[in-house]
Amino acid sequence: KIFWIKVEYIGIVSLAPLWLLFSLTYTHKDKWGSGWYKFAIWIIPIISYLLVITNDYHHLHYLNISYSFETPGFQLVLAHGPGFYLFTAYSYLLLMIGTIALIWAIINFPQVYRKQSAAIIIGALIPWIVNLIYILDFTSGYDPTPFAFSVTAIIYYWALFRLDLLNVIPIARSMMIESMRDGMFVLDSNDLIVDINPAAARIFGLSEPDKAVGQPAGVILSDYPELVEKYSRVF
C-alpha cells in the first residue's frame, strides 16, 4: 500500500501544474512571464514528491502511517504533516489561477466557446471539492477523490464530442492575428483598447502592448491626433 502511494503521487503532484498550463494555453494566456513560470511551478511538486518517497526519514509529509483493522482490506490511516498541507495549499492556488483564467474565457470568448470553458471548470471542480471534503476529514479516512474523477471523465467526454472541446479554431484565429503583418487593435463601446496585436504595437512604438489593453485609444494614439480625429466619429 505504501509503495502504491509513492507511485500514485507521481500523478497527484503533476495534476495542478498541468491544470494551470492547460488553462493558460486554452485561454491564450500562456505567454505570461515569458514562459519562466512553466518551469517554476514544478519546484514545489518535485520537492513534495521527494518528501513522499523519503517520508520514513523525516515524517514531514505523513506524521504517521498506520492500518485500520476494522475496515475491509486494512485501510491505511494517514496522519498528514506540514509538507502535505503546504503542497495542498499550493495545488489549490494553481487550481484557483487556472479557474480564474477559464472564467475570463467564459466572459470574453464568443458564445460557442463559453460552454466549453464552463464544462472544463465544472469537470475540474468536482474532484477538487470532493478532495477538500476528504482533507477536512468528513469521510472517516476514506478518499473518494478517484471516483470523482469518473464524473469528470463523463463531463469531458460530453464536452469533447458534443461541444467540440479543444477545437483548433480559436487557437488558429489567435495565431493568425498574432502573426499578421497588418496592425490591428479592437475597441469597445467606450473607445477602450481591448486587444492589440504585435504588429500594431510596433507601429505605434509600444514596448509593452499588454499595458495598452484597457487604456483609451486617444491616449495610446496621442502622437497621432489627426488619426484620432478622423476616426473618432466612425461607428
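The values are calculated or read from the model by the stated rules, or taken from the named source; none is laboratory data. Keep in mind that this is a model prediction, so the values were computed, not measured. For neighbour counting, all protein chains shown are included, and Cβ atoms are generated from backbone atoms with ideal geometry for every residue, glycine included. These accessible areas exclude ligands, DNA and RNA; they are computed on the full protein's heavy atoms, side chains included. Shrake-Rupley method; radii C 1.70, N 1.55, O 1.52, S 1.80 Å.
The helices (runs of 4 or more DSSP H) falling completely within region 101-186 that include 1 or more residues that are crowded, with 17+ Cβ neighbours inside 10 Å and modelled with pLDDT under 70 map to 111-135, 169-179.
Go through region 52-85 and give me each residue that's in a helix (DSSP H, G or I) and over 12 Å from Ile5 (Cα atoms).
Residues satisfying the conditions are Asp56, Tyr57, His58, Pro82, Gly83, Phe84, Tyr85.
Which residue is surrounded by the most Cβ atoms within 10 Å (Cβ to Cβ), if the candidates are limited to region 84-100 and must be touching a helix residue (DSSP H, G or I) at 6+ places or on another chain (Cβ under 7 Å) and closer than 17 Å to Ser14 by Cβ? This residue is Gly98. Considering only region 209-235, how many residues are β-branched (Val, Ile, Thr), outside any loop (DSSP other than H, G, I, E, B) and open to solvent by 70 Å² or more (accessible area, probe 1.4 Å)? Result for region 209-235: 1. With respect to the conditions (1) modelled with pLDDT of 80 or more; (2) surrounded by 13 or more Cβ atoms within 10 Å (Cβ to Cβ), Asp195 falls short on a single one, namely (1). Residues that are acidic (Asp, Glu) and either modelled with pLDDT of 90 or more or loosely packed, with under 13 Cβ neighbours inside 10 Å (or both) within region 1-52 comprise just one, Glu8. Looking across region 199-208, the residues that are in a helix (DSSP H, G or I) and open to solvent by 40 Å² or more (accessible area, probe 1.4 Å) come down to Arg202, Ile203.
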